[in-house]
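Trainee: Could you have a look at this structure, given as structure tokens, before my questions?
The values are calculated or read from the model by the stated rules, or taken from the named source; none is laboratory data. As the structure is a prediction and not an experimental result, all values here were calculated from the model. No Cβ is skipped: glycine too gets one built from the backbone with ideal geometry, and neighbour counts run over all protein chains shown.
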Amino acid sequence: MARYKTRIHTAMPLEQAFDFMADLRNFADWDPGVSSAKQVQGEGPGPDAVFEVVANGVTLTYHTNDYKRPQRVVAEANTDRLRSYDVITLEAADGGCIVTYDAALELKGWYRVFEPAMRLMFRRIGSQADEGLQKALDGRKVG
């Protein structure tokens, strides 16, 4: 399984940062691998929200599995080839909050033979997304 985790401190208020992160349409604003993101079910972020995200040429349909405003949102996409599982948590911190973004990408079936290459690629993609997220949140990486 390929995994990427980052923690970013932002001066943004907790609720504002949560609303930004829970709305997966914003992925295209900070993740350079995402060419488009649109909501296909629900109205705005919430427990029944579904988003279609095109990342690195692959269309993924993310379902919101867990939604606890303003602390946690979990979105999951499943295809016949892979499972993407993103956990976003927020906690109050001095002068704002800390956003933790933890993404796991698991290949399925015979595609698992590509796991080592996927881990390297996901690390590179994650680093670029990390920079974009710091800019979008006007924050800095911590821990």
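Trainee: Here are 105, 90: which of them is buried (at least 18 other Cβ atoms within 10 Å of the Cβ), at pLDDT 85 or above, under 18 Å from residue 33 (Cβ atoms) and touching a strand residue (DSSP E or B) at 6+ places or on another chain (Cβ under 8 Å)?
Mentor: Only one candidate passes the filter, namely 105.
Trainee: Output the residues belonging to region 97-115 that are closer than 24 Å to residue 6 by Cα, of a type outside the set (A, V, I, L, M, F, W, C) and outside any strand (DSSP E or B).
Mentor: Selection gives 115 alone.
Trainee: Is at least one residue of region 117-129 at pLDDT 85 or above and under 14 Å from the mean Cα position of the chain (by Cα)? Lay out the reasoning, then the answer.
Mentor: Within region 117-129, the first condition is being at pLDDT 85 or above, and the residues that meet it are 129.
From what is left, the residues that are under 14 Å from the mean Cα position of the chain (by Cα) are 129.
Yes, region 117-129 has at least one match.
Trainee: Could you check, for region 70-78, whether at least one of its residues is loosely packed, with under 14 Cβ neighbours inside 10 Å, within 28 Å of residue 121 (Cβ to Cβ), free of Cβ contacts under 8 Å to residues at least 60 places away in the same chain and not aliphatic (A, V, I, L, M)?
Mentor: Checking region 70-78: not a single residue is loosely packed, with under 14 Cβ neighbours inside 10 Å, within 28 Å of residue 121 (Cβ to Cβ), free of Cβ contacts under 8 Å to residues at least 60 places away in the same chain and not aliphatic (A, V, I, L, M).
Trainee: Of all residues being among the aliphatic types (A, V, I, L, M), out of contact with any helix residue (DSSP H, G or I) (no Cβ under 6 Å at 6 or more places or on another chain) and surrounded by 15 or more Cβ atoms within 10 Å (Cβ to Cβ) in region 108-139, which is farthest from residue 28 (Cα to Cα)? Just the residue, please.
Mentor: 118
Trainee: For region 1-26, which positions are buried (at least 22 other Cβ atoms within 10 Å of the Cβ) and modelled with pLDDT under 95?
Mentor: Within region 1-26, just 2 meets the criteria.
Trainee: Quick test for you: out of 84, 35, pick the one residue that is within 22 Å of residue 126 (Cα to Cα), buried (at least 16 other Cβ atoms within 10 Å of the Cβ) and in contact (Cβ under 8 Å) with a residue 12 or more places away in the chain.
Mentor: So the residue among 84, 35 that is within 22 Å of residue 126 (Cα to Cα), buried (at least 16 other Cβ atoms within 10 Å of the Cβ) and in contact (Cβ under 8 Å) with a residue 12 or more places away in the chain is 84.
Trainee: Is there any pair linking a residue in region 126-143 that is in contact (Cβ under 8 Å) with a residue 24 or more places away in the chain to one that is among the acidic types (Asp, Glu) and not in a strand (DSSP E or B), with Cβ under 8 Å and at least six apart or on different chains, and which?
Mentor: 128/31; 129/31; 132/29; 132/31; 133/31; 136/29; 141/130
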